[in-house]
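Report on the following structure.
The values are calculated or read from the model by the stated rules, or taken from the named source; none is laboratory data. Computed from a prediction, not measured in an experiment: that's the story for all the values here. Positions of Cβ are generated from backbone atoms using ideal geometry, with glycine treated the same way; all protein chains shown enter the neighbour counts. Surface areas here come from the heavy atoms of the whole protein model, side chains and all, with no ligands, DNA or RNA. Shrake-Rupley method; radii C 1.70, N 1.55, O 1.52, S 1.80 Å.
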Amino acid sequence: MPLQIDTLSRFFDHGFDDVIDVRSPAEFAEDHVPGAISLPVLDNEERARVGTIYKQQSRFGARKIGAALVIRNIARHLETELADRPAPWRPMVYCWRGGQRSGTFTWLLREVGWRAEQVDGGYRSYRRLVAGMLHDTPLPFRAVVLSGMTCTAKTVLLAELAREGMQVLDLEGLARHRGSVFGGQAEPQPAQKMFESRIAAALCQLDPDRPVVVEAESSKIGDCLVPPRLWDRMCQAPRVEIRAPLEERSAFFLDAYADLVADPDGFCATLEKLVKLQGHERVEAWQAQVRQGHVRQVAAGLMRDHYDPRYARSEARHGNSPAETLELASLTPAALRAAAPGLAPAIARAD
């Protein structure tokens, strides 16, 4: 009988030795249960081929060719990725909807002697639970938002708070993006569904009776949208604002965006995206400074003329006023480590 899983906590705290996703690599890349390993029974081309035969020729022909491909691929997995699994190994297996792909894989693993279990409803059951948590029902968590102008080291402070034992949710880390036009990273962003899976997995590890600290973000981080129920919670949350002098923030920019500093051509290309907002003259002046190596001056100009006015307008438009503020004279690593113990009580008071 297939394994019934009716909560996200059971998906994440499953107790199995491995979770195996037997869907195609393209399906796995879009989203999967965090921690699952990809052992497809049909690759992308094979899945498309079987689907075409099913639609254009016959169901029987598709099943016959599909069975040969599936058995061949499972055999390869047994001889490679699974060759070192011991006799007591106990995997959990899922496909798109708990059908033939995972059923066949589970059956063969059991024939070997392993204690494999097939997930009833497959990935669709899992995705339904993620969507229910992040799209449909209010989250059972209290949030405190860490806000502040660009380059006030909010992400670094989140990590320091985590080391102090506080609960944090690092959305920029989960989205693989720093949350601005300059925020792209070498690693590509996850698909939207995978982003939501990462959020759900992180939230399921937290205690709903304690506050969760999250950095102030727009509703979109790069190409990833903050899920609606989380966005609601963030909009309603009290804020603790970080303030620091412009000269400290511009110095912090050099470390936070070290990849841009090391790539003047890439930096100039990204600056081009601001022409509509800042005009050709200002952007070209910034680009000239970048090519001359005056990156800190560019950082200061970006904050003074672009980011800070936008932040001020947003605060005025939404009538936001912080519950607590923390003034930092320095944003060096040592200063940020020293600031975290003082920030924690401010968050507790805001909560």
Checklist entry - Which of the residues belonging to region 123-164 are over 19 Å from Leu203 (Cα atoms), open to solvent by 20 Å² or more (accessible area, probe 1.4 Å) and over 19 Å from the mean Cα position of the chain (by Cα)? => result Arg124, Met149, Thr150
Item to check | Pairs with Cβ under 7 Å, 6+ apart, first in region 235-246 and under 15 Å from Leu326 (Cα atoms) and assigned to a loop (DSSP other than H, G, I, E, B), second hydrophobic (A, V, I, L, M, F, W, C) and modelled with pLDDT of 95 or more | outcome: Pro238/Val144; Ala244/Leu328; Ala244/Leu331
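Rundown of residues vs (1) out of contact with any Phe, Trp or Tyr (no Cβ under 7 Å at 6 or more places or on another chain); (2) open to solvent by 60 Å² or more (accessible area, probe 1.4 Å); (3) of a type in the set (Lys, Arg), yes/no style:
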| residue | (1), (2), (3) |
| --- | --- |
| Gln289 | yes, no, no |
| Val298 | no, no, no |
| Gly301 | no, no, no |
| His306 | yes, no, no |
| Ala323 | yes, no, no |
| Leu328 | yes, no, no |
| Pro333 | yes, yes, no |
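Within region 243-250, is there a residue that is more than 14 Å from Val181 (Cβ to Cβ), open to solvent by 30 Å² or more (accessible area, probe 1.4 Å), modelled with pLDDT of 95 or more and touching a helix residue (DSSP H, G or I) at 6+ places or on another chain (Cβ under 8 Å)? Don't jump to the end; show me each part of the working.
Kept after step one, since they are more than 14 Å from Val181 (Cβ to Cβ), are these residues of region 243-250: 243-250.
Next, from what is left, pick out any that are open to solvent by 30 Å² or more (accessible area, probe 1.4 Å): 243, 245-248.
After this cut, where a residue has to be modelled with pLDDT of 95 or more as well, the list is 243, 245-248.
Adding the requirement that they be touching a helix residue (DSSP H, G or I) at 6+ places or on another chain (Cβ under 8 Å) leaves 246-247.
Among the residues of region 243-250, at least one is more than 14 Å from Val181 (Cβ to Cβ), open to solvent by 30 Å² or more (accessible area, probe 1.4 Å), modelled with pLDDT of 95 or more and touching a helix residue (DSSP H, G or I) at 6+ places or on another chain (Cβ under 8 Å), which makes the answer yes.
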Next on the checklist: Consider region 307-351. How many of its residues are assigned to a helix (DSSP H, G or I), over 13 Å from Val145 (Cβ atoms) and charged (D, E, K, R)?
Outcome noted: 6
Item to check | Output for region 197-216, where each listed residue is within 20 Å of Ala159 (Cβ to Cβ) and either open to solvent by 30 Å² or more (accessible area, probe 1.4 Å) or assigned to a strand (DSSP E or B) (or both) | outcome: Arg198, Gln205, Leu206, Asp207, Arg210, Val212, Val213, Val214, Glu215, Ala216
Checklist outcome for this item: Residue hits (region 14-34; open to solvent by 50 Å² or more (accessible area, probe 1.4 Å) and either closer than 19 Å to Asp120 by Cβ or at pLDDT below 95 (or both)) are His14, Gly15
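Within region 36-78, can you find the residues that are open to solvent by 100 Å² or more (accessible area, probe 1.4 Å) and modelled with pLDDT of 95 or more?
Hits for region 36-78 are Arg72, Arg76.
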Checklist entry - Out of (1) at pLDDT below 90; (2) among the charged types (D, E, K, R); (3) open to solvent by less than 40 Å² (accessible area, probe 1.4 Å), what's the single condition that is false for Arg313? => result (3)
Next on the checklist: Looking at (1) closer than 21 Å to Lys220 by Cα; (2) open to solvent by less than 20 Å² (accessible area, probe 1.4 Å), which one does Pro91 not meet, given that it meets all the others?
Outcome noted: (1)
Checklist entry - Which of the residues spanning region 166-196 are among the basic types (Lys, Arg) and farther than 14 Å from Val156 by Cα? => result Arg176, Lys193
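Only residues that are surrounded by fewer than 22 Cβ atoms within 10 Å (Cβ to Cβ) and assigned to a helix (DSSP H, G or I): list them for region 186-196, please.
Gln192, Lys193, Met194
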